Structures are given as structure tokens and as C-alpha cells.
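The values are calculated or read from the model by the stated rules, or taken from the named source; none is laboratory data. Predicted model only: the values in this text are computed from it and were never measured. Quick reminder, even Gly has a Cβ in these numbers, built from the backbone with ideal geometry, and neighbours come from all protein chains shown. Side chains are part of the model used for accessible areas, which takes the heavy atoms of the whole protein and leaves out ligands, DNA and RNA. Shrake-Rupley method; radii C 1.70, N 1.55, O 1.52, S 1.80 Å.
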Amino acid sequence: MAFHDVFTSEEELRELLGYPSDVVTRKVIGAMDAHCKDYIAQSPFVMVATSNQDGSCDVSPRGDAPGFVLVLDDHRLVIPERPGNRRIDSLRNIISNPHIGLIFLIPGMEETLRINGRAYVTRDEELLQKMQAMGKTPQLAIGVVVEECYMHCAKAFKRSGLWNAGSWPAKEELPSAARIIAAHTSLDESQIVRGLEESYTKRLY
């Protein structure tokens, strides 16, 4: 085994950790109410969790101007698919396994909105036209039928100090994405830098 003394049942976990409070149990709702819709309208960033039919998982970020995720009604939302790296991990997963998990963030707010449901890859032209940005219409989108919505508490953000700029490392101390990619691909770092700059300046939409 990869690790020792592992848990093998929910009963073992419950014996150690106990059960959620009444509030935690009751806060889960089955549709997006006005509060959820307002949160999504103010969110410029969402993490998209999917897995394929074999259970291999992926989490992918999506971001744009606040409100870029289109809410159609109480049970449906649509995430535009902007240009990316063409790995299409999320899209391939959805086609083989429609279950999806979303975490919406608002900068400066430590509580997040979690949504679970079933996803579809759509090229509905009427929907795509509504999600234009910078004069560009997305080629496709992820449609989600919502099954669960709930607010997630701020403990992770408080522990990490994520929104506390005073806790951030100096820019010169940050890892270099270009250096990491160059090491992983055995390519020249300057070539990676140029490629990233071109992608960020010319292929955002």
C-alpha cells in the first residue's frame, strides 16, 4: 500500500470526526435561489471538477469578468469555454461521465459557493451568443443542471490567508512557470516565455 494505517470505511471516519451540525446538513439546497444567483453574478472565477468513466479526476479553472457564467433559471447554468491549451480534459470527462462539481469564488470573500450537478457540452448558438466577450463568441460551453448548492465556510481561506496580501510572497520569490514548464518539456526557457506571452496577449478570447 502507498500509505500505512488508512481508513477503509465511512464508519471509521465518523467514529473519529463525528457528524455535521444541523446547519451544515440543512444548508444544502437543490436549486439556485436569488442568493446563489447573486453570488455567481459577482464571481469572476470558478473551479471545475470532473472525472472520466474510470474515476480519473481533473480540476480546471475558468475565469472571466464577473457574471461570465450564465444562469438560465433555478436549475441551469452555462460556463463559456474560452480558448485554452486544447487538452480538453474537462470536456472529455463530461462526455464520458456527466457528474460535475463547481466552486465559485469572489475576490476578498472567504466563503465560497459550491454547486454539484450533471454537465453537458453544448454548442447551442443562442446560448453561445449571449456569452460573447471581447467581440468573440465561444465555440462551445459547459451546461450544468444543478442538483446541490451550498455555501462553504471560510476556514480554508482563513488558515491560508489567501486574500491577505500581506502574507503573499514577494514576486521575485515566486516559482517561475516558464522554468517549470521548460524543465518538464526539456525545451528552452526563453522559448517557453515567448510562447506564454503570446498566449496571454493574443489568445485569451
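Tabulated values for the structure
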item	result
From the options Ala31, Ala41, Ala49, residue that is in contact (Cβ under 8 Å) with a residue 24 or more places away in the chain and part of a loop (DSSP other than H, G, I, E, B)	Ala31
Some residue of segment 112-126 being open to solvent by less than 40 Å² (accessible area, probe 1.4 Å) and part of a loop (DSSP other than H, G, I, E, B)	no
Hits in segment 33-66 (condition: open to solvent by less than 40 Å² (accessible area, probe 1.4 Å) and under 16 Å from Tyr205 (Cβ atoms))	Pro44, Arg62, Asp64
Hits in segment 78-109 (condition: polar (S, T, N, Q) and either open to solvent by 20 Å² or more (accessible area, probe 1.4 Å) or in a strand (DSSP E or B) (or both))	Asn85, Ser96, Asn97
Checking Pro169 against (1) surrounded by 12 or more Cβ atoms within 10 Å (Cβ to Cβ); (2) not in a helix (DSSP H, G or I), the condition it does not meet	(1)
Positions within segment 9-32 being surrounded by 11 or more Cβ atoms within 10 Å (Cβ to Cβ) and small (Gly, Ala, Ser), in sequence order	Gly30, Ala31
Selected residue (criterion: most open to solvent (accessible area, probe 1.4 Å)) from residues of segment 67-77 that are under 15 Å from Ile100 (Cβ atoms) and of a type outside the set (A, V, I, L, M)	Arg76
Criterion violated by Val146 - all others in (1) surrounded by 17 or more Cβ atoms within 10 Å (Cβ to Cβ); (2) under 28 Å from Glu198 (Cα atoms) satisfied	(2)
Extreme residue, nearest to the chain's Cα centre (by Cα), among residues of segment 2-44 that are under 13 Å from Leu113 (Cα atoms) and among the basic types (Lys, Arg)	Lys37
Contacts under 7 angstrom Cβ, first residue in segment 182-202 being in a helix (DSSP H, G or I), partner acidic (Asp, Glu), 6 or more apart	Ala182/Asp188; Ala182/Glu189
Cross-chain or 6+ apart pairs with Cβ under 7 Å, segment 131-160 first and closer than 30 Å to Thr25 by Cα, then among the aromatic types (Phe, Trp, Tyr) and open to solvent by 60 Å² or more (accessible area, probe 1.4 Å)	Gly143/Tyr120; Phe157/Trp163
Residue match in segment 190-203 (condition: surrounded by 12 or more Cβ atoms within 10 Å (Cβ to Cβ) and within 30 Å of Gly101 (Cβ to Cβ))	yes
